[in-house]
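Worksheet: one structure, shown below.
Please treat every number below as a calculation from the coordinates, not as lab data. Keep in mind that what you see is a predicted model, and the values were worked out from it rather than measured. Note that we place each Cβ from the backbone using ideal geometry, even for glycine, and neighbour counts take in every protein chain shown.
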Amino acid sequence: MADQRDPGRILDGLNDAQRRAALAVSGPVAILAGAGTGKTRVISRRAAYAIATGIVPAGDVLLVTFTDKAAAEMGERLRDLGQPGVTARTFHAHALSQLRHFWPDRHAGAPPPEILESKFPIVGRIARALPGGYRFTPARDLAAEIEWAKNRRLSPTAYGPAATAAGRDAPLPIELMTRVFADYERAKARAGRIDFEDMLGATVDLLESDAEAAAIVRARKRWFSVDEYQDTNPLQDRLLSLWAGSSPDVCVVGDEDQTIYSFTGASSSYLLDFAGTHPGTQVVELTENYRSSPEILGLANRLIASTGRTRALTATRPSGPPPTRSAYADPQAELAGLVHSIRTRIGDGLAPTEIAVLVRLNAQLPPIEAALTTAAIPYMVRGGRFYERQDVRAAIRAIQRAKPAATGRDLPAALQAVFRATLGYDPDAVRNGPEERERAADLGVLLAIAAELALQPGAAEAGPGAAEFLAELARRDAAERANTAGGVTLSTIHRAKGLEWDAVFLPGLEEGTLPVGQAGGDPAAIGEERRLLYVGITRARRYLAISWAARRDGANGREGSRRPSRFLAELGFGSDHGRPTRTVPSSTPGPRAARERVSVPPGAEGAFEALRAWRSARAGGDGVPAYVIAHDATLLAVVEARPASLAELGRVRGMGPARLERYGAEILAVLGKP
């Protein structure tokens, strides 16, 4: 614990830039803190130093954090520095404390309204009353659009023109979204509740209209520090200016390269424009990175440099292995490579808890979970398990109610029909909201599991039906539930922000996934996707592995070719930067370019192509993707083994008893074996 009687001790261990930031204790300050540069350390030391040197009493300090967890951590750090009296809160928590104080006096003694913890119950009821297929629009997307409007202090009447002017990609047509917004506001008022945006908005209204209340608030806190300022929205920025009033002692901390919440209304412009709107601002850049190896930072720096910017992080850690890019022909090969690499890291002595697999979408996680479960590698899912997701549970309930009679190869189509009728699932629909895209991906995963299950022999000769499918989901749910106490972290990149691991894997770096397909050609959306990848890269300390597949099923369950993410070229992969690459043989049918990467033994080309032709015909007749019949790797193994009997064919890797029972005789016939 630092000795508060010796302020200089508080600055011990800071580098030159961190020290400059900690010494900038008066006037407006902007700290541009790159990933891994120790911003939390600087924020706490700066506040402790200002208090210890008499610049400001502890009771006058307000440290604003992005989350309650971060606020608790900041408070603990200040206590360790000998300053237990500092207030660390989120925007919402501090605003609520003011509303609770002033509300009764200004509302005839009435207590403040109760807080609506979630918009979903109200918005969900409204959504179910929408016309046609619109009633299946996810409540989360509707709630997010309402939040976008309220963060800009827009009423339902003002929302339409503002959304149109902003070119909003709203989850509903603007006129219909306006109606949902108005219905939500009326329902909330009838219930006597306020939501989290009202909490901020009502505080802004109070401080703008009540000079006495504003004076009391400003007398209590006059020295401010705001973390994650790149993710500030218009309502929060206005609230900060009202809290500060004429006080110049406002410090904002953030990193424009980690702005990944623009869809909520956040904008890095408040951080970047701070010096212009606050004359005399001291700007301090933190660029010494204490997290990642020089090789990983080199990759991250190239990604930022691709936008024309010259800012770069410098490494303080020793050199490590170069990041790798692995090009796979299909997702099965990618999963096999992922499992092998994780096993290698663990075998080298790395604890599973120091390994993370980070993805763009939640729906990418279930196949990874299944692969790790099969490989007996412990894991934990950060931010919620797949089988606990609301849309997955809704799909399971829909199947239980519908009880489709289809079995075997007819099961996936029957389930898709259930999803279409009860959940509004349309594999070919254009999806505007992020939750709608996630839901479509989740349902696509369930249909892929059903197609995979169609291979397995069931109790009935026709094959497994809905009961067996639900039992398989329950089995996977139990396996997922069992992996909650530690192990390899599985997470979306959004949920990984602020965290770090020794080894990070970033699979699925393909066009349509990262960047997400809905980004289209929108430069702002592509910029957000690029920053998301930057966040993923900078979570790694020593090992970083990036991969993509040449073919993959889409949300509609249809297999198609994929192109590597445009960001791979920006990272320097595939050019002359000397990074190792690896191409794994294809295990699904693909375009000519993909097939050429499969090494077929001399003299076996005819048999291999004959098996491909058989598989294509059988897949068409069964109405399932070709990979359900057999992957290219399996066909190649068959050709290499040259089996003469079912027994020999059964020993071929990738066949298994289900494939052998269903397709064994046909495969031998194609090979000319009776």
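A few points about this structure:
- Between the Cα long axis of helix 211-220 and the first principal axis of the chain there is an angle of about 80°, rounded to the nearest 10.
- Anisotropy class of the stretch 36-101 from Cα gyration tensor, a/c 1.5 cut: oblate
- Spin-label pair Asp205-Ala351: with each label point 7 Å from Cα along the Cα-Cβ axis, the two points sit 5.0 nm from one another.
- For Leu116, distant residues with modelled amide H under 5 Å away: Ile194, Asp195
- Quarter the surface of the alpha carbon convex hull of the stretch 120-190 and you get the mean projected area, 4.3 square nanometres.
- The sum of -39500 (n - 2.57) across all DSSP H runs of n ≥ 4, divided by the residue count of the chain, sets its helix-only mean residue ellipticity at 222 nm to -15000 deg cm²/dmol.
- 0 to 90° range, to nearest 10: angle between helix 234-244 axis and the chain longest Cα axis: 30 degrees
- As a calculated quantity, the FRET efficiency between Arg651 and Thr374 at R0 = 30 Å, using C-beta atoms, amounts to about 0.95.
- Projecting label points 7 angstrom from Cα along Cα→Cβ for Asn15 and Phe120 puts them 4.2 nm apart.
- Computed from Cα positions, the angle between helix 632-641 and the longest principal axis of the chain comes to roughly 40 degrees.
- Cα gyration tensor category, rounded, prolate or oblate, for the stretch 1-63 with a/c compared to 1.5: oblate
- Database remark: amide H of Arg153 closer than 5 angstrom to no amide H (H placed geometrically; neighbours at sequence offset of 5 or more, or on other chains; Pro and chain starts carry no H).
- For the pair Ala312 and Val283, a Förster radius of 25 Å applied to the C-beta separation gives a FRET efficiency near 0.90, rounded to the nearest 0.05.
- For the chain, diffusion coefficient by Stokes-Einstein and Kirkwood Rh (Cα), 10 °C, 1.306 mPa s, µm²/s: 57 µm²/s
- Distances between placed amide hydrogens fall under 5 Å for Val488 paired with Tyr379, Met380, all partners being 5 or more residues away or on another chain.
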